[in-house]
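Below you'll find the structure, written out as structure tokens, and then a few comments.
Read the figures in this text as sums done on the coordinates, not as results from a lab. Predicted model only: the values in this text are computed from it and were never measured. Positions of Cβ are backbone-derived with ideal geometry, glycine not excepted, and every protein chain shown enters the neighbour counts.
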Amino acid sequence: MTERKNPSLPFESSDAVEQKLWQALGELPVAEPPTGMRRSFYSELERAGSRNWSERIRGWLGLRSNAGWVTAAACLVIGFAVAQLAIEKGGVEPDRLAALEENIALLNRELILDRLQADAPGTRLLGVHNASSLVEDDNEIVQALLVRASQDRSLSVRSAAITALGPQLNSATVGDELMSLLESAESPIVQLALADLVLRNGNQQQLNQLLRLANDKRLHPDLVSHVKKSLKSESI
């Protein structure tokens, strides 16, 4: 078998004619794209990979959707209305002021719900932080946090949502769903957030369930020792 003279050529045949053909093809000049085309390509690539100033502002404020913009604009309009009334009349009637404050609270609630459904994890995390102050009084906010706690793609968002639900742990619906999530959670980060939540806010039944999971070694090994140590110190 004839030895290949150029191992970089893509042929394995010993046929002299075929070898000569491949060698001739390998010596053909390789065309280079024009300089202008190369510069234009990289410019377009850079432009596509960077967000403009309006997109960045929307990301910071959690206003990626139209609902977020509408909510923020409405809050701004109401704020101007309150200021204008204060300037014109030297104050605002209590009933009218209460109605305006209620409208602002409702719009702020819609903004929070919008953030909880945003594409960016940072915006959803901000929404979770904002929602924590409403978790005791708003069932829709609670349900939105449960979705984040059980389904969010970001473990940080899930952990934050679990922590935010702490005041509702002893309510039947929320408590049952979070304890069910603890039974099935595979991520050590999610397990830790749930275990700490139960250790801080759980009733005796939930604490017993947590201890059972630790004894059955259904939690991360480091978390098993953490749970047992915490429960032991509480019983002393």
For region 120-236, take the alpha-carbon Rg, divide it by the Kirkwood Rh, and send me Rg/Rh.
-> 0.97
HN-Hα J in Hz across region 221-232 - Karplus 6.51, -1.76, 1.60, θ = phi - 60°, x for Gly and Pro = x, 5, 6, 4, 5, 5, 5, 5, 5, 5, 5, 5
Under the Karplus relation with 6.51, -1.76 and 1.60 and θ = phi - 60°, whole-Hz ³J(HN,Hα) for region 121-136, x at Gly and Pro, equal x, x, 5, 5, 5, 5, x, 4, 4, 5, 6, 4, 7, 10, 5, 7
Give the calculated FRET efficiency between Leu155 and Gln209 to the nearest 0.05, with a Förster radius of 22 Å applied to their Cβ-Cβ distance.
-> 0.45
Can you tell me the relative contact order of region 120-236? Whole percent, Cα pairs under 8 Å, sequence separation 6 or more.
-> 19
